[in-house]
Amino acid sequence: MLKNTDLPDMIHSQSLSRENLLLLLLAVDVSTPKSVKTLIALGKTAGCTEIYKWNVSEILKRTRGMAIRLPEGWSLTSKGRNFIRSSGILHHGKSVKVVNNAQQLRAHLTRIKNTDTKAFLDETINAYEGALYRSSVVLSWTGAMSLLYDQVMSTCLSAFNIEASKRYTKWKNAKIKDDLARMGEADFLDIIGSPPISIISKNLKEELKNNCLKLRNACGHPSSLKIGENRTSAHLEVLILNIFTKFV
């Protein structure tokens, strides 16, 4: 949800209560519970020099169920994560485009039933908000492909297998979702973007193959490639408007 390097700007560019500041610290590497000692160290590193004077546990107890004390340390609850996302604290200083795209993705997240796809999209949003752009490209693509696989499984699996067998003589009929991943993604898009399947348009097929898939491949392999907010946002916009909106 948040990186260590984001903390100084977020803390010092807005006026935060002690409760909100500690919740923000818990959002760093959000899946890892943190001891009081760790929270104090994080705060001091981010420039909050007074944190060592605070009764951290007592302050977190006053957060109305947004933080919970586990054996390993303090952690954000789902209520706390939602608060951090919706309050504007996490988005302070981020561009309107990043905020809007993240909000759109979260809106679609609530409608997705498949738990694996949901997990990929949740990780996508966290990576995007944390400026981990290559990761968000790879994860968003995986989530989009998962939705397309679901669509084939639920609407046209028999027709897909027939068409795949015509094109690729060694194709073994897919029976479960994972079987579809045996086919190369570009080949899969060719089939679903052409008659008689046509669950995506020809233009969308070309956009996905020539831009989104190529970017995903570039980001998914070790290289010196660097991408920024604008390129990532454009990639996500295509997937939001054409896949996540349509196939959830």
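Structure notes:
- Residues being crowded, with 22+ Cβ neighbours inside 10 Å and small (Gly, Ala, Ser) - total across the stretch 113-145: 4
- Exactly one residue out of Leu132, Leu70 is more than 11 Å from the chain's Cα centre (by Cα), closer than 27 Å to Leu24 by Cβ and not basic (Lys, Arg), and it is Leu70.
- Set Arg134, Arg64, Arg69, Arg81: member being in contact (Cβ under 8 Å) with a residue 60 or more places away in the chain and not assigned by TED's automatic domain parsing to the domain that holds Asn230: Arg81
- Those helices (runs of 4 or more DSSP H) lying entirely in the stretch 15-130 with at least 2 residues modelled with pLDDT of 90 or more: 18-26, 36-45, 56-61, 78-86
- Test: Asp190 is part of a helix (DSSP H, G or I), surrounded by fewer than 14 Cβ atoms within 10 Å (Cβ to Cβ) and in the same structural domain as Thr115 (by TED's automatic domain parsing): no
- Selection status of Ala159, in a helix (DSSP H, G or I), among the aliphatic types (A, V, I, L, M), in contact with a helix residue (DSSP H, G or I) (Cβ under 6 Å, 6 or more places away or on another chain) and surrounded by fewer than 18 Cβ atoms within 10 Å (Cβ to Cβ): no
- Residues in the stretch 214-236 that are within 17 Å of Met145 (Cβ to Cβ), in contact (Cβ under 8 Å) with a residue 60 or more places away in the chain and part of a helix (DSSP H, G or I): Leu215, Arg216, Cys219, His235, Leu236.
- Set Asn203, Asn211: member being in a helix (DSSP H, G or I) and over 25 Å from the mean Cα position of the chain (by Cα): Asn203
The values are calculated or read from the model by the stated rules, or taken from the named source; none is laboratory data. From a predicted model like this one, the values you see are computed outputs, not experimental measurements. Cβ atoms come from the backbone with ideal geometry, glycine included; neighbour counts cover every protein chain shown.
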